[in-house]
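Colleague: Pasting a structure here, questions to come.
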Ligand SMILES: [Ca+2]
Ligand SMILES: [Ca+2]
Ligand SMILES: [Ca+2]
Ligand SMILES: [Ca+2]
């Protein structure tokens with residue numbers, strides 16, 4: 001029996017909810033300062049002297065990036081029209097023009113070649129007595145895969161006080177088409193090339209892109225300068241672009257924030273919750289901001305953060321995830337007896353059922369949209385008011401409500417963040 005045609009769309013909707021698509025606004029409707037404000041996170045980062053060089057269609061902001069570039073919103077700089085980034089991938093050679101001019105700093109990254117069609121956003125910033133800046137990004141290009149190891153090694157760089165900080169986690173290797181591809185550092189690369197073998201599974205025009213990478217760069221007391229730049233190499237054809245995550249540009253207390261116990265167990269929707277740490281830069285209290293993403297979206301899942309000074313456990317509990325914290329561990333949860341008088345200890349929140357981001361409900365999160373939780377200086381143990389002390393190392397996880405395949409209640413944990421407090 002043939003399936004009646006009118007039933008097919010209903011079935012498709014039930015089987016796979018329509019995926020979000022990229023939505024892009026270029027500089028025809030906003031200013032370069034709007035782009036900078038999009039990536040700068042809460043408190044502590046003072047921004048000034050914003051400049052942009054390039055064509056207005058070659059820079060902008062985007063939404064809908066979850067499941068595509070790996071974060072929901074942010075800015076995009078391209079060597080072609082940013083609106084052409086929207087998937088699906090229908091060409092191996094999408095090309096746009098950005099005014100032609102190259103960038104001398106980008107030229108230094110590809111000795112023997114010069115850049116063209118550069119898109120360059122610059123600004124000054126200050127990090128009140130804090131020594132590191134961090135942010136998250138993805139690099140993508142049409143030069144993949146056919147022009148790997150050729151004269152068309154499109155260049156991008158994030159120059160912090162003149163030094164490129166767009167490096168692989170080894171701290172040495174610059175991220176380029178020639179250094180991140182199917183042959184070299186493939187763990188950081190996502191092949192999206194529709195040529196043989198056809199693998200173009202990402203809803204974006206670029207034929208290849210990196211996984212989400214993190215910049216961590218030392219900065220000076222007082223005013224610092226950053227240049228975010230991407231340019232074509234060899235000719236003006238085949239676009240390349242960089243995406244920078246919204247609110248991820250933050251001052252860090254130190255580079256002593258590390259991830260452990262990773263990845264966590266998958267939840268009912270097939271993903272593991274990613275916990276990450278950054279500073280919110282106020283210089284008051286413990287100064288650590290935690291955010292969690294990739295949470296369940298098929299039901300309303302609540303959770304709260306837990307903490308311990310022991311991160312050496314790794315116990316898998318059936319239907320309850322992996323507990324990485326050792327005893328004693330405490331909950332940032334207002335329902336705990338004695339915590340009611342200390343609202344800053346309440347991290348209760350829910351996962352947004354569209355974005356999968358964890359949203360704090362008690363209003364103590366500083367980042368845009370109330371995402372995540374600012375760890376207070378008070379430790380989550382009885383009696384409340386015990387302090388996290390300078391120089392101590394603490395470990396954090398997110399506990400959250402999960403479901404079993406049969407529909408029963410269960411729970412789960414994120415991976416673990418380890419932080420040493422200044
Ligand atoms: Ca393409
Ligand atoms: Ca290509
Ligand atoms: Ca171009
Ligand atoms: Ca190019």
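Please treat every number below as a calculation from the coordinates, not as lab data. Computed from a predicted structure; not experimentally measured. Note that each Cβ is placed from the backbone with ideal geometry, even for glycine, and that neighbours are counted across all protein chains shown.
Colleague: Using Cα pairs closer than 8 Å and at least 6 residues apart in sequence, work out the relative contact order for the chain, in percent.
Modeller: For the chain, the relative contact order is 16 percent.
Colleague: Take peptides 217-223, 200-206, 393-399 and line them up by average Cβ neighbours within 10 Å, highest first, as a rough protection proxy.
Modeller: 393-399, 200-206, 217-223
Colleague: Taking the mean number of other Cβ atoms within 10 Å as a proxy for protection, how do you rank 314-323, 207-216 from highest to lowest?
Modeller: Taking the mean over residues of other Cβ atoms within 10 Å, the ranking is 207-216, 314-323.
Colleague: At q = 0.25, 0.30 Å⁻¹, what base-10 log of I(q)/I(0) does the Debye formula yield for the stretch 54-93 when every alpha carbon is treated as an equal point scatterer in vacuo?
Modeller: So the normalised log intensities work out to -0.92, -1.09.
Colleague: What is the ratio of the Cα radius of gyration of the stretch 63-152 to 2.2 N^0.38 Å, with N the residue count, to two decimals?
Modeller: This ratio for the stretch 63-152 stands at 1.30.
Colleague: Using only the Cα atoms of the stretch 170-209, each taken as one equal point scatterer with no solvent, compute I(q) by the Debye sum, divide by I(0), and report log10 of the ratio at q = 0.24, 0.34, 0.36 Å⁻¹.
Modeller: -0.80, -1.19, -1.23
Colleague: Another question about this same structure. What is the packing order of peptides 58-67, 401-410, 161-170, taking the mean over residues of other C-beta atoms within 10 Å and listing the highest first?
Modeller: Ranked from most to least packed, the peptides come out as 58-67, 161-170, 401-410.
Colleague: Scaled to the compact-protein estimate 2.2 N^0.38 Å, what is the alpha-carbon radius of gyration of the chain, rounded to two decimal places?
Modeller: 1.02
Colleague: Let me know the Kirkwood hydrodynamic radius for the stretch 112-246, please, with Cα pairs as the basis and the value in Å to one decimal.
Modeller: Result for the stretch 112-246, one decimal place: 15.6 Å.
Colleague: For the stretch 20-251, count all C-alpha to C-alpha pairs, find those more than 26 Å apart, and express that count as a whole percent of the total.
Modeller: 29
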